[in-house]
1. Provide the packing ranking of C:245-255, B:130-140, i.e. peptides ordered by the mean count of other C-beta atoms within 10 Å per residue, highest first.
2. Given points 7 Å out from each Cα along the Cα-Cβ axis, report the D:Ala231 to C:Asp227 separation in nanometres with one decimal.
3. Under the definition of partner shielding as Cβ atoms of other protein chains within 10 Å of a residue Cβ, what is the mean value for peptide D:179-191?
4. Relative contact order (percent) for chain C, with alpha-carbon contacts under 8 angstrom and 6 or more residues of separation?
5. Calculate the mean, over all residues of peptide A:166-172, of how many other protein chain Cβ atoms lie within 10 angstrom of the residue's Cβ.
6. I'd like the distance separating the alpha-carbon centroids of segment A:246-291 and segment B:256-270, in whole Å.
7. Once you keep just the Cα pairs under 8 angstrom separated by 6 or more residues, what percentage relative contact order results for segment D:1-153?
8. Give the separation of the Cα centroids, segment D:147-170 to segment B:102-169, in Å.
Amino acid sequence: MLLKHRLSISQIFAFTWKVDLLLLACCTLVYFLDVHYLYFKLEIPVGISAVLGTAIAFFIGFNNNQAYDRWWEARKIWGAITNDSRSWARSLYNYHNSTEVATQSLIRHMIYRHLAFVYALKTALRKRPDDYYTRYLAQDEIEAVQKETNIPNAILNLQAKDLQLLRNTGAIDGFTFLELDQLLVKHCDSMGQSERIRNTVFPPTYLYFTKVFIWFYVILNTFLMTDTIGAWSIPFGWMFGFVFHATHLNGTFLQDPFDFQPLSIPLDNIARNIEINTIQLLGEEPVPGPVKPRMDGLYIM
Amino acid sequence: MLLKHRLSISQIFAFTWKVDLLLLACCTLVYFLDVHYLYFKLEIPVGISAVLGTAIAFFIGFNNNQAYDRWWEARKIWGAITNDSRSWARSLYNYHNSTEVATQSLIRHMIYRHLAFVYALKTALRKRPDDYYTRYLAQDEIEAVQKETNIPNAILNLQAKDLQLLRNTGAIDGFTFLELDQLLVKHCDSMGQSERIRNTVFPPTYLYFTKVFIWFYVILNTFLMTDTIGAWSIPFGWMFGFVFHATHLNGTFLQDPFDFQPLSIPLDNIARNIEINTIQLLGEEPVPGPVKPRMDGLYIM
Amino acid sequence: MLLKHRLSISQIFAFTWKVDLLLLACCTLVYFLDVHYLYFKLEIPVGISAVLGTAIAFFIGFNNNQAYDRWWEARKIWGAITNDSRSWARSLYNYHNSTEVATQSLIRHMIYRHLAFVYALKTALRKRPDDYYTRYLAQDEIEAVQKETNIPNAILNLQAKDLQLLRNTGAIDGFTFLELDQLLVKHCDSMGQSERIRNTVFPPTYLYFTKVFIWFYVILNTFLMTDTIGAWSIPFGWMFGFVFHATHLNGTFLQDPFDFQPLSIPLDNIARNIEINTIQLLGEEPVPGPVKPRMDGLYIM
Amino acid sequence: MLLKHRLSISQIFAFTWKVDLLLLACCTLVYFLDVHYLYFKLEIPVGISAVLGTAIAFFIGFNNNQAYDRWWEARKIWGAITNDSRSWARSLYNYHNSTEVATQSLIRHMIYRHLAFVYALKTALRKRPDDYYTRYLAQDEIEAVQKETNIPNAILNLQAKDLQLLRNTGAIDGFTFLELDQLLVKHCDSMGQSERIRNTVFPPTYLYFTKVFIWFYVILNTFLMTDTIGAWSIPFGWMFGFVFHATHLNGTFLQDPFDFQPLSIPLDNIARNIEINTIQLLGEEPVPGPVKPRMDGLYIM
Amino acid sequence: MLLKHRLSISQIFAFTWKVDLLLLACCTLVYFLDVHYLYFKLEIPVGISAVLGTAIAFFIGFNNNQAYDRWWEARKIWGAITNDSRSWARSLYNYHNSTEVATQSLIRHMIYRHLAFVYALKTALRKRPDDYYTRYLAQDEIEAVQKETNIPNAILNLQAKDLQLLRNTGAIDGFTFLELDQLLVKHCDSMGQSERIRNTVFPPTYLYFTKVFIWFYVILNTFLMTDTIGAWSIPFGWMFGFVFHATHLNGTFLQDPFDFQPLSIPLDNIARNIEINTIQLLGEEPVPGPVKPRMDGLYIM
């Protein structure tokens, strides 16, 4: 997640340098072609090219809308994970009547094991090696869950097993069981929803065709401007192209909100906040520190 | 679901060849008509044709929005099926107190029978012969469910019957019954939602009129350009037409997300993932392998 | 619901003949007025008229969006009715422990009576005389419900009375009561949601003003074209008007999705599917046949 | 809620006369200024003014979308109130086992008291004096609720008190209590949602700036047209201004859907329908008649 | 929340003075550059610049849509907090059977402690020092909650502890526990949802690029107008720039709806209304007065 509201020229360039160079090369090429080979031929009415530009602006808008919706839905899902994690810890911690040490220790483990779920889900979504989650599991649990393809799902299974155990020992009754199981179901739903966004490729035809259309327009536009403003068509061609390409790029960065890049959902930060809330609720030490922004405060992961 | 972000020229051509050829034929025809018969007559102000182009871009945008929503809703429904399937297996597996072999075997069968539900629903949505689901049903169950028009619905009925049985034998109590029945209701909802999208024809007037309007615009546009750029109006007429038609086609492919075509929801893949999760939860062998992409990684079904 | 993806010229004409004739008359009139009386006066810059056209395209888009949302919401509501009907039948059929004939017969009647609810709701929404629903009610029930203004609501009341009876006889316990009553509440919600769409008039000012604006634009446009293309302004004026009016008409047909017309939600078909699923669940005979498309497969009601 | 699909000229004039006169005055003034003082100066390219018009059409569209959403959300909330009112009456009436007269009379009073809630909420939203709700409360209840700032909320408190009483007397058990309390929570939610829409001012900067922008455009447009079509710029300036202003006005009328004006949600009508359903359920007399449309069938409140 | 529908010139100027001055400076600079240095060079077709303006209007519209959605979602969340607070107070107050003084006093404290939750959440969202919430907590509770990073979350933990206590003392049973815990879960959800909006930075690339694009357009536009209307390009350049910048600014003000500024969600007002409802329900004195509008009725916080 980007944190700074103002970007420096160098940050913009870092974000768009590839398309900037391509645009300059393209516009220059068009200019020379036009001046030296095609000058006399092309007088497309400007109104017709305007329609193309307007249509492309629509299609870029469409892509950005869907991309933003994916990004915001991803953020909502991890917001729900935050909420349900707090409710899970609060409910397990308070809603039992057990005074036995073994049961109390089991409950404490179930609260910690949820942190393993959160971190294992983060690892699965980011697709980067990270076994931080193992610190909240017992050794035999680590082995058991790593046998399965879907580790966070396997952790939920452990939670369900122990929930039934709590009930059988009388530490919780049916009503508390209902509340806790509903939270387990919600964890499972949020996990699946994250995976849905992670694994569903945004229809590539939209992105690809829109990119092709923008290049059509840049070329056409530069041709048209060369006729009236000569070599100025190169910077202006770049400028128009930049407006369309930069906006289109914005959308493509939001489309995969769980990738490891600056505009993504800050999973490290969210998971750490859940961890802090949980450990403070249990009154334990040490409480881990918050995640630090990167690149001099530019973004947080 | 398409997997590749970059499409080759041949893939684009495979996607659009029909409309490409029609466009070239149409533009060429218009050009000859204009040059040989109508040259002197048509001087429609370009601003008027621009309005038509802009309006059509709106209507294409409208169709694409609705088509994308259908596609994404379909994906969400099957995401919910994934989540509820995991919760179903996890809950049945853990939330019972039975030590009797018969009951444990019944529970195991109910977990497997849910896979039959998922695969039977897939078959019903795809409308292609596929009886993979029968492997998770007993012989008499296969006969019973095939008597009914709606096979997945008949499977849910079997699940409900056995759920009551579990309760009567004391394997589960009222609270667990509540949780499990709520999952059955959710399975039933997701089934009906899939059928709704499958069986509701997107209002064909929108698609049909938009297609007609695009052809209007292509013809008008080519006429207008012929006056100023001669035979160049053929490639440019094609280009403008391509932008509109390709975007419109994109939408029509997403409109029926359960059809058997590359842009559809990858039901094979989703169903297989549910199967893998379930079999691993039960700790059984062999675990089936994941579904493989087709056409050299281009898409997955 | 229209079923055919391709419409014939005669079907389009059947859909739009009124506006086609009005457009031709209007454009011809404008042409003659312009040529014989006003020729020298009107030189509105075409860019200004283009703004009008673009603005109208927006407003048509707005109306279509809202109309489509009403139509799709109506479809979702009847999808929910389908789902909840299946859950109602499945739950009542399986989740009881009664072996008494009287109770079993009561349960069977409650399942059938739900079909009366579905058909009575259909009749109320369509506002066409149709007492098919009475076949699933006892004689005294028919008399009782017809005394009330809202017949489907009165049927729900009968269901609630018998649900309490089931509970008092011990056929169901509190947990099953919870599940069944929640379904009754959902039936009641879907009923009210259907009525909301049926009885809420889409703000007529939007439709009316948009229609007036389109006529403004058609007249202005024809005037402008007459100056440059003479009598060709009549067919082109018709064409531009057709694009706007046809799209606007599309929206108005979707706005009242429970009216009895080809683009409406196919209530006959949905209600019949519920009936078929229910009767097959009960294992009874004869199962009624599916609803047949009308007009040679053009649409289904 | 407007009921008529066609508006007469006089009704349109009644709706827009203020802006019509202002537009005519403005366009005339601009014409005279242009002809007598500024004629030689202003030759803004028409494409630039077209951008302004298009941008304003967007912003009007934005306002209308949000306004329509508020209106439709308000309608949905009162649809939910209708549904939950029916469920409240149906559940209280059927789901108890008491044969004591006192309890039965209490239940009947709780059903009637809900009508007091509905009418008191209507009064609070409309902000017009109306104490119809008092007829469904006992004298001491009227005094008690009128001591509080929020009368419908105070009525819900009375309902909760008696619900607990029903439970303590054994007339209902815990399961029925769950169902009834969930309905009370829904009544409370709908009440708060209505108040949210009632009390949240739509950001006035949007409305105000859009209005200012439209006047900018009208003035600019009239100037531009005066140069080419002389005094005809007055009627055409009015026409363009009318299209924008009338659409903008449409939105502003929908923005406050609980105000007492013709386009508002018909609270009188909805509350009366709830009243009729409830009294018919109880089998009492007299049933009040439906609310009548006003202004010769033009609208209903 | 702004309360006035009409803004005075001085209020608009207070809202936009910075961008007004920048625009005037920019347009004047462009005018002088054009007249004295570049006059002969730049003849970009106006249709091309129109596309840029239209595209920017789209992107501004996109930002405004997302910003408005954040603002309205924030308002909905605090509407839900209002509703759930009323249900919390109503349920705790009525749904218990305890006659012991200690329990009744505990219940009263739990109702008041919820006000501490609401005010502590407000403080956390506004990020301004404000310890009003402490008046509804006991001294040891204040110390306990201030040890944690997230104070409102810590308060929820206290509520859960006492809820279990109520149950253990027999003041409430399992059914009432279910209802009350579900309200606690909802409070927790609303808290997390508020934090999500507060802490998620709207992707700054959208805002930043849109601002850059507007400046591109203002400069280009002023150049183009200077060629035809001379120094009049300065006021008109300002006017066009004002339309785009003011609309863009509108969006940026709504984007962070919990900041302390006039367009934000009026948390003071909402929290106070909850406080008034709660204290009146308990029948206590004194009832605090409503929050007063600021700046002569311009806005309320």
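1. C:245-255, B:130-140
2. Each label point lies 7 Å from its Cα, and together they span 2.0 nm.
3. 5
4. Relative contact order, chain C: 36 percent.
5. The mean count of partner-chain Cβ atoms within 10 Å per residue comes to 1.
6. Their Cα centres are 32 Å away from one another.
7. 12
8. Rounded to whole Å, the Cα centres lie 47 Å apart.
Values in this text are rule-based calculations from the coordinates and carry no lab data. Quick caveat, the model's predicted, so the values are computed rather than measured. Methodologically, a virtual Cβ is constructed for each residue, glycine included, from the backbone with ideal geometry; neighbour enumeration extends over all protein chains shown.
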